[in-house]
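S.K.: Input: one structure, supplied below.
The values are calculated or read from the model by the stated rules, or taken from the named source; none is laboratory data. Since the structure is predicted, the reported quantities are computational estimates derived from the model, not experimental observations. Neighbour counts run over all protein chains shown; Cβ positions are idealised from the backbone, glycine included.
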Amino acid sequence: MLIQFIGLGYIGLPTAAVVAQKGISVHGVDINPHVVETINQGKIHIIEPGLEAVVKESVANGFFTASTIPELADVHLIVVPTPFKGVYEPDISFVEAATRNVLPLLKEGDTYIIESTSPVGTTEKMAALIFRERPELENKIFIAYCPERVLPGNVLHELIQNDRVIGGLNEASTEKAKEFYSTFVEGKLYGTNSRTAEMCKLTENSSRDVQIAFANELSLICDKAGINVWELVALANKHPRVNILQPGAGVGGHCIAVDPWFLVSDYPRESKLITTAREVNNYKSFWCAEKIRNVMLEFELKHGRKPLTAFMGLAFKPNIDDLRESPAKYIAQKVMQSEQNNFLVVEPNIKEHSVFKLSDYQDAYNRADIIVFLVSHDEFKTLQYRDDKVILDFAGVFKK
Ligand code: SAJ
């Protein structure tokens, strides 16, 4: 049996490596020759704890090969990005290009699965495309949608342990896709149709976005009301049926800040709450930048000199080294661009950065007049609260 992954990015690569680790032959395809070359050397081009060791082992054992060209295989997985085109309209052209790429290789009995986050109806569209070009395959191949739900930073564990939702074009397709996932998933496999599975992925991330927006809105209210939002959330969560998430500097990463727009784009009239949540979460980052500027100005008026301001954390969430779509990075950049002030930038999870000169977190904490906590990294929690500093804690480092 040969499993083929089209797309060797943040999801495709770890999934391919985990399948290969099970002793199943895997062929990975990526349009980027550098990615292919890196993987064939047993190395990786993305950030994920523990992944390089698994890739190295699978490549060395001969179970995992990578190339820019697809091959004949038994299961074909489409794991490519679905970015935006224009204003928040999902762009499924990568899914379509990947499908066209494997189309000539499909044969009777093959399974074709889309994992890419996709608007509702994408799997049906791709099935129509396949059968238009290869009508002889109608009812002869299996087609399904199965979204990934792994948490960046914990991908290797979650790929195996998480339950999965598998939506086939028909029942036979659901069963065939389940058969494939059961080779490496230890969580439960839930069967449904492709539209529900597509919607399920968008629902999961929209649900988290809406919940974070509620926490962020509370933080804005509490700021005006002079209430510590962290204490408030902890107390409210003592209620047996209340579970509020944590406010922060905004919502980042590639998924939660993106996927809700897929629903808004296709169902604009119905997606009122989802749209507002997106706006609240984006506004929170803007609000943080404004707040920093005001505090710097107050300092200057009070002390007759410009403050030294330290930005603590650049990653898109705690304890990772991933700066993609990071609200912390956005805020630091926005303030630094507009102010002729002195700044220190701290990100303990990375050694160096092409734009920011990075400082040690303890040194920055000791030297700066204004401390801005943008991410709640564990290192920061070891610092003692100091009354002689102006502390803007957007991340809840000092919760009390
Ligand atoms: N955040 C808060 N407050 C919270 C929780 C998170 O402000 O209480 C912020 C984080 O700081 C970060 C953003 O939200 O900026 C997103 O972080 P996250 O940990 O919620 O999620 P991701 O983007 O790392 O991964 C999400 C996960 N989805 C859900 O939890 C529903 C993951 O399971 C998905 O697989 C992933 O999106 C994806 O690929 O879609």
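S.K.: Give the residue that is surrounded by the fewest Cβ atoms within 10 Å (Cβ to Cβ), with candidates limited to residues of segment 298-310 that are hydrophobic (A, V, I, L, M, F, W, C) and closer than 17 Å to residue 391 by Cβ.
M.R.: Per the stated criteria, the residue is 308.
S.K.: Residues in segment 20-36 that are touching an Asp or Glu at 6+ places or on another chain (Cβ under 6 Å) and closer than 22 Å to residue 179 by Cβ: how many? Don't jump to the end; show me each part of the working.
M.R.: Start the filter on segment 20-36 by keeping residues that are touching an Asp or Glu at 6+ places or on another chain (Cβ under 6 Å), which leaves 27, 36.
Subsequent filtering for residues that are closer than 22 Å to residue 179 by Cβ retains 27.
Looking only at that region, the number is 1.
S.K.: With the checklist (1) buried (at least 16 other Cβ atoms within 10 Å of the Cβ); (2) under 20 Å from residue 18 (Cα atoms); (3) more than 16 Å from the ligand (Cβ to nearest atom) in hand, flag the one item residue 166 doesn't pass.
M.R.: (3)
S.K.: Then there's this: So in segment 172-196, with the set limited to residues that are of a type in the set (A, V, I, L, M) and out of contact with any Lys or Arg (no Cβ under 9 Å at 6 or more places or on another chain), which one is nearest to residue 148 (Cα to Cα)?
M.R.: 177
S.K.: Condition first: surrounded by fewer than 15 Cβ atoms within 10 Å (Cβ to Cβ) and within 23 Å of the chain's Cα centre (by Cα). Can you find one or more residues in segment 355-363 that meet it?
M.R.: Within segment 355-363, one or more residues are surrounded by fewer than 15 Cβ atoms within 10 Å (Cβ to Cβ) and within 23 Å of the chain's Cα centre (by Cα).
S.K.: Right, next: Test of understanding: among 90, 81, which residue is in contact with a Phe, Trp or Tyr (Cβ under 6 Å, 6 or more places away or on another chain), farther than 21 Å from residue 140 by Cα and surrounded by fewer than 19 Cβ atoms within 10 Å (Cβ to Cβ)?
M.R.: On the way: 90 fails: surrounded by fewer than 19 Cβ atoms within 10 Å (Cβ to Cβ).
After applying the criteria, what remains is 81.
S.K.: If only one of 252, 313 is touching a strand residue (DSSP E or B) at 6+ places or on another chain (Cβ under 7 Å) and surrounded by 18 or more Cβ atoms within 10 Å (Cβ to Cβ), which one is it?
M.R.: It is 313.
S.K.: Here's something else I'd like to know. Provide a single number: the residues in segment 225-270 that are closer than 22 Å to residue 373 by Cα and β-branched (Val, Ile, Thr).
M.R.: The qualifying residues number 6.
S.K.: Could you check segment 185-202 and list, in sequence order, the residues that are more than 15 Å from the ligand (Cβ to nearest atom) and either within 26 Å of residue 324 (Cβ to Cβ) or of a type in the set (D, E, K, R) (or both)? Steps first, answer last, please.
M.R.: Let us first name the residues in segment 185-202 that are more than 15 Å from the ligand (Cβ to nearest atom), namely 186, 188-196.
Matches in segment 185-202: 186, 188, 195.
S.K.: Would you please name the residue that is nearest to the chain's Cα centre (by Cα), looking only at residues in segment 242-258 that are more than 16 Å from residue 283 (Cα to Cα) and more than 6 Å from the ligand (Cβ to nearest atom)?
M.R.: Of everything passing the filter in segment 242-258, 254 is nearest to the chain's Cα centre (by Cα).
S.K.: In the list 271, 265, 285, which residue meets the criterion of being buried (at least 21 other Cβ atoms within 10 Å of the Cβ) and hydroxyl-bearing (Ser, Thr, Tyr)? If you could, list the steps in order and put the result at the bottom.
M.R.: Details: 271 fails: buried (at least 21 other Cβ atoms within 10 Å of the Cβ); 265 fails: buried (at least 21 other Cβ atoms within 10 Å of the Cβ).
Sole residue among the options that is buried (at least 21 other Cβ atoms within 10 Å of the Cβ) and hydroxyl-bearing (Ser, Thr, Tyr): 285.
S.K.: Oh, and also: For segment 288-297, what are the residues that are aliphatic (A, V, I, L, M) and either within 12 Å of the ligand (Cβ to nearest atom) or surrounded by 15 or more Cβ atoms within 10 Å (Cβ to Cβ) (or both)? Give the steps one after another, and end with the answer.
M.R.: Keep residues of segment 288-297 that are aliphatic (A, V, I, L, M), which gives 289, 292, 295-297.
289, 292, 295, 296, listed by residue number.
S.K.: Return the total of residues in segment 135-163 being away from the ligand (no atom under 16 Å from the Cβ) and buried (at least 16 other Cβ atoms within 10 Å of the Cβ). Write out each step before concluding.
M.R.: Within segment 135-163, the first condition is being away from the ligand (no atom under 16 Å from the Cβ), and the residues that meet it are 135-144.
Then drop every residue that is not buried (at least 16 other Cβ atoms within 10 Å of the Cβ), which leaves 137, 141-144.
Of the residues in that region, 5 qualify.
S.K.: Determine whether residue 179 is of a type in the set (D, E, K, R), more than 16 Å from the ligand (Cβ to nearest atom) and not assigned by TED's automatic domain parsing to the domain that holds residue 319. Working first, answer last.
M.R.: Values: of a type in the set (D, E, K, R): yes; more than 16 Å from the ligand (Cβ to nearest atom): yes; not assigned by TED's automatic domain parsing to the domain that holds residue 319: yes.
Spelling it out, residue 179 is indeed of a type in the set (D, E, K, R), more than 16 Å from the ligand (Cβ to nearest atom) and not assigned by TED's automatic domain parsing to the domain that holds residue 319.
S.K.: Just one of 233, 210, 229 is buried (at least 16 other Cβ atoms within 10 Å of the Cβ), touching a Ser or Thr at 6+ places or on another chain (Cβ under 7 Å) and not assigned by TED's automatic domain parsing to the domain that holds residue 178; which is it? It would help to see each step written out before you state the result.
M.R.: Working: 233 fails: touching a Ser or Thr at 6+ places or on another chain (Cβ under 7 Å); 210 fails: touching a Ser or Thr at 6+ places or on another chain (Cβ under 7 Å).
Exactly one residue qualifies, and that residue is 229.
The rows are residues; the columns are (1) part of a helix (DSSP H, G or I); (2) closer than 22 Å to residue 179 by Cα.
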{"site": "18", "(1), (2)": "yes, yes"}
{"site": "38", "(1), (2)": "yes, no"}
{"site": "42", "(1), (2)": "no, no"}
{"site": "57", "(1), (2)": "yes, no"}
{"site": "72", "(1), (2)": "no, yes"}
{"site": "76", "(1), (2)": "no, yes"}
{"site": "81", "(1), (2)": "no, no"}
{"site": "109", "(1), (2)": "no, yes"}
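S.K.: Could you list, in sequence order, the residues of segment 153-178 that are among the acidic types (Asp, Glu) and farther than 9 Å from residue 142 by Cβ?
M.R.: Matches in segment 153-178: 158, 163, 171.
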